[in-house]
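One structure below.
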Ligand SMILES: Nc1ncnc2c1ncn2[C@@H]1O[C@H](COP(=O)(O)OP(=O)(O)OP(=O)(O)O)[C@@H](O)[C@H]1O
Ligand SMILES: [Mg+2]
C-alpha cells in the first residue's frame, strides 16, 4: 500500500496550524493542527456539533477563523497574524455538500460546465471535459436531463462531477451521502473512492458515520468538542484508541469500572465487581491505586473453557440474531457484557467468557 499520509514526502496539500473559531464565548474549534498530503483521503469523524463543518468551511474560506493559519499547496490562504484571507474561489478547491446544491434550471451538463465557464475555459475544451467526467460518474447518457428528473444518488453524482471537472487538487465533502438510502450510499462510497484514487485529488471528508469513515479514510481525524481527539489510520484508531472517547466512538465497547491493584509486567490487574481482570493496553499510564474504566470489544470477547487466565463464569441473558453475526448479552458478575460469537451456545450449560488481555484497555476514571 502506498503511503498517502502527509509524512509520505513532499509538501502537504493542506496545512492547518493552531486554528481557532469562536461564536461568542463558545469555541467551535480549539487549537486544530492538521496536515493532508497530496492525494490523501482524510475523514473528519465526530458527533453532531463537534466542529467538523466549521473546520471544513474554514479551509474553504467560507468561515473566518479567529486565530491560526491555513496553507493550501504551500501558499498561505489564511493567517491571523498578518491578516491574509483568500476568498473561496481563489483557493483552488471544490466542495460537495449533503444537499447536492445543483442549479435546478440548468441541465446536468450545464451544471457540470458551470465552474469551467466561470474560469473562462474555451467552449470545445469545456464540452470535452464535461463529457469525460460525466462518463466517469456513469451519467454520460443524462447530460440533457434536469436535476429534478434524477434520483438523489444521480444528483449527487452530478455534484461530484462538478467538483472534479476543474481538476482542483483538493475536494471538500460535507456528509455527501447522508441523504441517500443505505444501498445507494454504499455503492456511491465505493465509486467515490475509486475516482479519488484514479484522479488523485486530496480529500477532506466530513461524516459522523464510523463505517463510512473506516471505509474511505487513509487517515481518520476523530473530533471531540472542537478539538482533535486522535488522528490515525482506521486500523490504528480501532486497535489503539488514545482515549476512552475514541474507543467508544469507533466501534462498540464493553465497559467495566474498577481499580488497578497490581502491575504485572506491561499489564495491569484491575479489580472489578466481576473479579480481577488482566488488561495490557494502558494508554493513560494508569498505576496501582488508580480508578479506571476497563474496555473491551464485543468481537474480542469469546466463550472459553473454565480455568484459563482471564476466563470468567457468565450467565447468558439474551441472544440476538443479526444476520451477519449473533450477539449475546451475558452477565459478568453484576455487569452486562455483549459478546459477538457463534450461534450454538448452550443456554443451559455453564458458560465462561475470556477477555483477551491484549485487547483489554484501561483508561483513567476522572473524578474518582
Ligand atoms: N454561525 C454559528 N453561530 C453560532 N454557533 C455556531 C455557528 N455555526 C456553528 N455553530 C456551533 O458550533 C458548533 C460546531 O458546529 P458544526 O456545524 O461545525 O458541527 P458539526 O460537527 O458539523 O455537526 P453536524 O454533524 O451536526 O453537522 C456547534 O455547537 C454549533 O452550534
Ligand atoms: Mg456538520
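Quick look at the numbers
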read-out: Förster radius 25 Å - calculated FRET efficiency between residue 315 and residue 263, Cβ distance, rounded to 0.05; value: 0.20
read-out: Calculated FRET efficiency for the pair residue 63/residue 131, C-beta based, R₀ 35 Å, to 0.05; value: 0.50
read-out: Antiparallel content of DSSP bridges confined to the chain, in %, to 5; value: 80
read-out: Rounded to 10°, Cα long-axis angle of helix 123-136 versus longest principal axis of the chain; value: 20
read-out: FRET efficiency, residue 140 to residue 211 (Cβ-Cβ, R0 30 Å, nearest 0.05); value: 0.50
read-out: The chain - percent relative contact order, Cα under 8 Å, separation 6 or more; value: 15
read-out: Separation in nanometres of the label points that stand 7 Å from Cα toward Cβ, at residue 359 and residue 280; value: 1.2
read-out: Value of D in µm² per second that Stokes-Einstein yields for the stretch 112-205, Kirkwood Rh from Cα pairs, at 20 °C (1.002 mPa s); value: 155
read-out: Label point distance in nm, residue 101-residue 343, each placed 7 Å from Cα along Cα→Cβ; value: 4.7
read-out: Cβ-based exposure ranking for 117, 327, 15, in which fewest neighbours within 10 Å come first; value: 117, 327, 15
read-out: Segment residue 118-residue 225, length gained on full extension (0.36 nm per residue, minus Cα span); value: 34.8 nm
read-out: Helix 182-199 vs. the chain, principal-axis angle (Cα, 0 to 90°, nearest 10); value: 60
read-out: Alpha-carbon centroids, the stretch 140-159 and the stretch 292-368: separation in whole Å; value: 48
read-out: Gain in span if fully extended, residue 33 to residue 291, counting 0.36 nm per residue against the direct Cα distance; value: 89.7 nm
read-out: Cα-based equivalent ellipsoid, the chain: semi-axes from gyration tensor eigenvalues, Å; value: 46, 26, 16
read-out: Angle between the chain longest axis and helix 152-164 axis [Cα atoms, degrees, rounded to 10]; value: 70
read-out: DSSP-defined antiparallel bridges as percent of all bridges, the stretch 141-261, nearest 5; value: 50
read-out: Rel. contact order, % - alpha carbon contacts under 8 angstrom, at least six apart, the stretch 1-105; value: 26
read-out: Separation between Cα centres of the stretch 199-238 and the stretch 40-78, rounded to whole Å; value: 14
read-out: Theoretical ellipticity at 222 nm over the chain - DSSP helices of four or more residues, -39500 (n - 2.57) apiece, nearest 500; value: -7000 deg cm²/dmol
read-out: Spin-label model distance (nm) - residue 183 vs residue 11, 7 Å beyond Cα toward Cβ; value: 4.7
read-out: Cα-based convex hull, the stretch 252-364, per residue volume (Å³, whole number); value: 92
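FYI, it's all coordinate maths here, none of it is from the lab. A quick note: this is a predicted structure, and the numbers were derived from the prediction, not measured. Note that each Cβ is placed from the backbone with ideal geometry, even for glycine, and that neighbours are counted across all protein chains shown.
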